[in-house]
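**Student:** Would you mind keeping the following structure in view while I ask a few things?
The values are calculated or read from the model by the stated rules, or taken from the named source; none is laboratory data. As the structure is a computational prediction, the values presented were derived from the model and not from experiment. Quick reminder, even Gly has a Cβ in these numbers, built from the backbone with ideal geometry, and neighbours come from all protein chains shown.
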Amino acid sequence: MYKIKVNSSYNFDVSEESIETLDIAETTPNNYHVLQDSTSIKASILDADFNKKQYTVKVNSNTYDVNINDVLDQQIEALGFEIGASKKVNDIKAPMPGLILEINVEEGQTVNEDDALLILEAMKMENVINSPREGVIKSISVKQGETVDKNALLIEFE
């Protein structure tokens, strides 16, 4: 399933099956002929940024800005890690159940992005939880040696 946003206003869900059944032919590089319900449509890709998955497409005489997100992009966005997103994370929650081995920060401490905040042992592996952004530690909700459940609040930012 693809999520398509057109002109930052209109959202569409498009399945792979509907794409496979699309009657489309490339006439010249970046120019296409689409046949939909016996209607002929001319489409051109005017600009493409594959890494950002952003395209400018001309359909007949109208131009559209199009973003295409696949399943992986949707999962990344659901986790709050979308590319280019402003980092407004205000709390850190346990990504999995485990044991707090070490806490490397104190309340009121200023941290930078990617600073090690704490170490969580899960399934006999040590997982370093890094800061997602610059900020000041508002509160620490766990203690060293404490067992936590998945999604338990660990640290809050101011």
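**Student:** Which residues, counting only those in region 99-125, are over 16 Å from K138 (Cβ atoms), out of contact with any Gly (no Cβ under 8 Å at 6 or more places or on another chain) and of a type in the set (D, E, K, R)?
**Tutor:** E102, E113, D114, K124
**Student:** Next question, about the same structure. Any idea which of (1) in contact with a His (Cβ under 8 Å, 6 or more places away or on another chain); (2) at pLDDT below 85 is the one E17 doesn't satisfy?
**Tutor:** With (1) in contact with a His (Cβ under 8 Å, 6 or more places away or on another chain); (2) at pLDDT below 85 applied to E17, the lone miss is (1).
**Student:** Could you grab me the full set of residues in region 31-53 that are within 24 Å of D70 (Cβ to Cβ) and of a type in the set (G, A, S)?
**Tutor:** A43, S44, A48
**Student:** Take residues that are assigned by TED's automatic domain parsing to the domain that holds E20, modelled with pLDDT of 90 or more and surrounded by 14 or more Cβ atoms within 10 Å (Cβ to Cβ) and tell me which of the strands (runs of 3 or more DSSP E) falling wholly in region 33-125 contain 2 or more.
**Tutor:** 39-49, 54-59, 62-69
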